[in-house]
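Here the structure is laid out as structure tokens; the discussion comes afterwards.
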Amino acid sequence: MYRLVFVVCHPDDEALWVGGLLHALSKFSFLEISVICLSGHDANSPREEEFNAAKKIVGYHKGIVLGGRLRPANTPLPSIANTLEEGLQKIDLKKEDISLLITHSPYGDEHLNPHHIQAYNELLHWSQEHKIPFGFFSCLLLPYLTHTSLLKNLKRLGNLHLLSFSLCKPFFSFLKTLVNKFVNLYKCQPKYYLLFNTDLETKKKMVDCYKSIDIEMHQKGYGMVTNSCEGLYIFDNEGLKLFQEIMNAMDIPGPKDLFQAVSLRGSLKSMLFFWEKS
């Protein structure tokens, strides 16, 4: 059994960024998914109730909202490590049993949210300290990494499609220095990138549970509301293991190696062309 933990800052983040994946991955019998929300636990707010309603739609294993009331974006969240460990205790999950922890991107997602950036930085440190495989979701490919495709065919299972599986490396060594100096993303060196196409209708149902937010404004202001493609960066081989199991469980609708077939055909055509010319 693999145990995948998503850690998000606010109720609705899980729906916006990984709602489709939560729905799809919850169907794998060898995978237990938990979502820990770092803020929004407030008796005067409906957000926790909306979070639970969204959870019921996709049916992941456990979810919990902690951290007190929602705060303005420029007011830092309290110690994220403490909130996370409180959440793990309440959902009865030991640190050493976590197969992979996933959180927000280092750039803070679409609106560069300071809470999201804080979550990335503090959880990266926490996961390294406790030797827990780490990753983050991202609505875009990171521009300072090269992405070398390892996928030679399409893979799918139901409405879940694997569109990309890539090996990541820093673009240039001097760029790492620039990133370190000006952007402070040098600590972000994931090894793998995966992109999935998911069920947009189910994702929309999750977002629609959050009736206390302005859903129309979200649709205008967040591209991910209407985007069924959801991407993950994974930092190491240990974190990739559960996704290798998922890839093994997916069907290949066509040839196992599309490029080998094209390459062979192209080579034969080239040989025939030069033979006719000669």
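The values are calculated or read from the model by the stated rules, or taken from the named source; none is laboratory data. Computed from a predicted structure; not experimentally measured. A quick note on method: Cβ atoms are made from the backbone with ideal geometry, for glycine too, and the neighbour counts reach across all protein chains shown. Quick note on the areas: whole protein, heavy atoms, side chains included, nothing else; ligands and nucleic acids left out. Shrake-Rupley method; radii C 1.70, N 1.55, O 1.52, S 1.80 Å.
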Checklist entry - Does I57 satisfy the criteria of being under 27 Å from G223 (Cβ atoms) and open to solvent by 20 Å² or more (accessible area, probe 1.4 Å)? => result yes
Next on the checklist: Against the definition (out of contact with any Leu (no Cβ under 6 Å at 6 or more places or on another chain) and either without any contact (Cβ under 8 Å) to a residue 40 or more places away in the chain or open to solvent by less than 50 Å² (accessible area, probe 1.4 Å) (or both)), how does G40 come out, yes or no?
Outcome noted: no
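Conditions (1) in contact with a strand residue (DSSP E or B) (Cβ under 6 Å, 6 or more places away or on another chain); (2) under 30 Å from G158 (Cβ atoms); (3) of a type in the set (K, R); (4) touching a residue at least 40 places away in the same chain (Cβ under 8 Å), marked per residue:
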{"position": "S29", "(1), (2), (3), (4)": "no, yes, no, no"}
{"position": "I36", "(1), (2), (3), (4)": "yes, yes, no, yes"}
{"position": "F51", "(1), (2), (3), (4)": "yes, yes, no, yes"}
{"position": "G67", "(1), (2), (3), (4)": "no, no, no, no"}
{"position": "D92", "(1), (2), (3), (4)": "no, yes, no, no"}
Checklist entry - If you scan region 100-124, which residues turn out to be farther than 15 Å from L38 by Cβ, out of contact with any Ser or Thr (no Cβ under 9 Å at 6 or more places or on another chain) and in contact (Cβ under 8 Å) with a residue 12 or more places away in the chain? => result L100, E110, H111
Checklist entry - Looking at E48, E14, E32, which one is within 17 Å of L112 (Cα to Cα), among the charged types (D, E, K, R) and not in a loop (DSSP other than H, G, I, E, B)? => result E14
Next on the checklist: Given the criteria charged (D, E, K, R), in contact (Cβ under 8 Å) with a residue 12 or more places away in the chain, open to solvent by 60 Å² or more (accessible area, probe 1.4 Å) and over 22 Å from F30 (Cβ atoms), does E86 qualify?
Outcome noted: yes
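When region 100-141 is examined, which residues are found to be among the hydrophobic types (A, V, I, L, M, F, W, C) and open to solvent by 10 Å² or more (accessible area, probe 1.4 Å)?
L112, I117, I132, C139, L140, L141, listed by residue number.
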Item to check | region 211-220, residues that are under 16 Å from H111 (Cβ atoms) and either among the small types (G, A, S) or part of a loop (DSSP other than H, G, I, E, B) (or both) | outcome: I213, D214
